[in-house]
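The values are calculated or read from the model by the stated rules, or taken from the named source; none is laboratory data. No experiment lies behind these values; they were computed from the predicted model shown. Because the Cβ atoms are built from the backbone with ideal geometry, glycine has one as well, and the counts that use them run over all protein chains shown.
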């Protein structure tokens, strides 16, 4: 897959080395402040570089409104931009006293990006279903939303019954988690059908990245209530890098078919 | 494709060594062979060019196609000049020269007529006979038919019957029945008509029509004439004008064809339209999964890989997003029969194979085969006969 990537993607590959390297140095140093700074810097850089490369790859070319495939990838690229904005906000506000209001604002930014992403993904899945017929067309989106919501309904009922308040921005985090789960289910379906083709690889990578984002969201609400905590940031950085890599590999699909004789 | 006569002429002497009239005799064979021989010599002398050769002469409702062998000239009188007929004529010349090579040097009786007959039937008559073709016995055919097989075949059948029904009635294989019918046509014992089918493609010949109503033709059929653009099957044209009775519509089209108000497109044009439809469907479904840009790349890469072998593929392109468009050079050549349908179907089939291969590299063979099945299923619903012309098994991975 590296043959298909172009020279302008070199910064992206460098990041792939920088993320683990920065983390290891931070951990080895034993100094909490140094580790926080290194992780924050790496995450900030990763988020913006990945967003920049993804936007130039997928948004510049445009495409028709009917092209759900390109649409989906454009929305993922825009979502990465929103993630980068959220990371920047988290780093700035993270130095201040942790306020729920700041966490809420970060959540809103994330939610906008993820809603764009899930809209593009579900639209693509609906279109793919007209060719691959994995479900009745009017059932595709409702089924996915139901499967995505069910895991959280139980938890929500428990929270309401017990009256325990996990975090004040739960109302933002729950929709984010439902949307990410919907994306995961969609990726599973698409990945299953494309598993024997080249495009199966970017789908798997995107799935891994989405899982990491979901884990981060759950941990943010229920375990570590600060978005800019080093462990959450590191998870985010890896997720952005993996998702960005999947977008680049999709773009490189055209190079792949050129090599066929 | 209405073939009238065939002549095989010795180049040196202008002597007619073989002739056959498929309809009523128009020309004296010795007269026509001398004429053709003289005219071809005249054009060769006048142009002083080795490559320049007279290849056709045109009358009011006929054309005489001329092809050159080593020592013979073949001339075929037909209603139209197309590459298929020329190809057949060239093959017949080749067979004649091989089988009767001795006649190049000496004039002796080699029983040319009896020995060459089968080749002419196979080349010129057999492929006109289709399972759905209808044969109508001529008056008093039994007085002049000499072939005993044809005689017994026709005696047992009603006056008008289709070839398939005749085979079923006599409990003989369809291929045998088709062979016997070809012999019956040779003997001028029957008239063969191919019924108009819903998937046939016709085009209007009378582009300027002053009257809004044509005698004997319903208003819906008259309205449908504007839909007969040489690319739309009759079933679709009928659907567009909301025809209630498809059978009547087809009968009226047959009547209009007899009056030369419409004509069936050449086989090459029909092949081009049919295969383009399949290609369009494959690309549309691919675009839903892979997007327009990647689909366009797949198409361009596949086409470029085949350009050396099928140079005419450069005239097949994509417009707007992924709309298949055939440039006028290629569609014109197909309309005029300048390119063989087999070459078109080979090239387009290879293009579709290359495209499906690239699609399967990207998304795997299973989804690719799902696309092919979907296209095949949809095409069968709309054009049952057309879908048989496409080699689907060669497209699946």
Only one of B:281, B:252 is in contact (Cβ under 8 Å) with a residue 12 or more places away in the chain, under 26 Å from the mean Cα position of the chain (by Cα), crowded, with 18+ Cβ neighbours inside 10 Å and within 14 Å of chain A (Cβ to nearest Cβ), namely B:281
Restricting attention to region B:343-368, the residues that are in a helix (DSSP H, G or I) and within 11 Å of chain A (Cβ to nearest Cβ) number exactly 13
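A quick yes/no check of all residues on (1) surrounded by fewer than 17 Cβ atoms within 10 Å (Cβ to Cβ); (2) touching a strand residue (DSSP E or B) at 6+ places or on another chain (Cβ under 6 Å); (3) on the phi < 0 side of the Ramachandran plot; (4) at pLDDT below 90:
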site	(1), (2), (3), (4)
B:19	no, yes, yes, no
B:84	no, no, yes, yes
B:99	yes, no, yes, no
B:109	yes, no, yes, yes
Only one of A:116, A:99 is within 29 Å of residue B:285 (Cα to Cα), modelled with pLDDT under 95 and away from every other protein chain (no Cβ under 14 Å), namely A:116
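Okay, residues lined up against (1) in a loop (DSSP other than H, G, I, E, B); (2) touching a strand residue (DSSP E or B) at 6+ places or on another chain (Cβ under 7 Å); (3) farther than 30 Å from residue A:225 by Cβ:
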{"site": "A:83", "(1), (2), (3)": "no, no, no"}
{"site": "A:86", "(1), (2), (3)": "no, no, no"}
{"site": "A:93", "(1), (2), (3)": "no, no, no"}
{"site": "A:104", "(1), (2), (3)": "no, no, no"}
{"site": "A:116", "(1), (2), (3)": "no, no, no"}
{"site": "A:130", "(1), (2), (3)": "no, no, yes"}
{"site": "A:134", "(1), (2), (3)": "yes, no, yes"}
{"site": "A:137", "(1), (2), (3)": "yes, no, yes"}
By residue number, the members of region B:385-395 that are more than 22 Å from residue B:316 (Cα to Cα) and either part of a loop (DSSP other than H, G, I, E, B) or within 14 Å of chain A (Cβ to nearest Cβ) (or both) are B:385
(1) surrounded by fewer than 19 Cβ atoms within 10 Å (Cβ to Cβ); (2) farther than 21 Å from residue B:267 by Cα; (3) in contact (Cβ under 8 Å) with a residue 12 or more places away in the chain all hold for residue B:320 apart from (3)
If we keep only residues of region B:374-384 that are part of a helix (DSSP H, G or I) and in contact (Cβ under 8 Å) with a residue 12 or more places away in the chain, then the residue surrounded by the most Cβ atoms within 10 Å (Cβ to Cβ) is B:375
Residue set A:212, A:247; condition within 14 Å of another protein chain (Cβ to nearest Cβ) and closer than 18 Å to residue A:82 by Cβ; output residue A:247
Given (1) within 10 Å of chain A (Cβ to nearest Cβ); (2) crowded, with 19+ Cβ neighbours inside 10 Å; (3) closer than 24 Å to residue A:57 by Cα, residue B:299 misses just (1)
Note: among A:123, A:193, just one is within 14 Å of another protein chain (Cβ to nearest Cβ), crowded, with 18+ Cβ neighbours inside 10 Å and within 27 Å of residue B:357 (Cα to Cα), namely A:193
> Got at least one residue in region B:324-341 being within 14 Å of chain A (Cβ to nearest Cβ), without any contact (Cβ under 8 Å) to a residue 60 or more places away in the chain, surrounded by fewer than 21 Cβ atoms within 10 Å (Cβ to Cβ) and closer than 24 Å to residue A:130 by Cα?
Replying inline: no
When restricted to B:139, B:174, B:154, B:143, the only residue more than 22 Å from residue B:123 (Cα to Cα) and in contact (Cβ under 8 Å) with a residue 12 or more places away in the chain is B:154
Margin query: Checking the structure you have, find out if any residue of region A:68-79 is within 14 Å of chain B (Cβ to nearest Cβ), modelled with pLDDT under 90 and either touching a strand residue (DSSP E or B) at 6+ places or on another chain (Cβ under 8 Å) or not in a helix (DSSP H, G or I) (or both).
Written below: no
Taking region B:157-173 and keeping residues surrounded by 14 or more Cβ atoms within 10 Å (Cβ to Cβ) and under 26 Å from the mean Cα position of the chain (by Cα) leaves B:161, B:162, B:163, B:164, B:165, B:166, B:167
Checked region B:174-198 for anything in contact with a strand residue (DSSP E or B) (Cβ under 7 Å, 6 or more places away or on another chain), under 26 Å from residue B:382 (Cβ atoms) and crowded, with 19+ Cβ neighbours inside 10 Å; matches are B:198
May I ask you to verify whether residue B:239 is assigned to a helix (DSSP H, G or I) and surrounded by fewer than 17 Cβ atoms within 10 Å (Cβ to Cβ)? yes
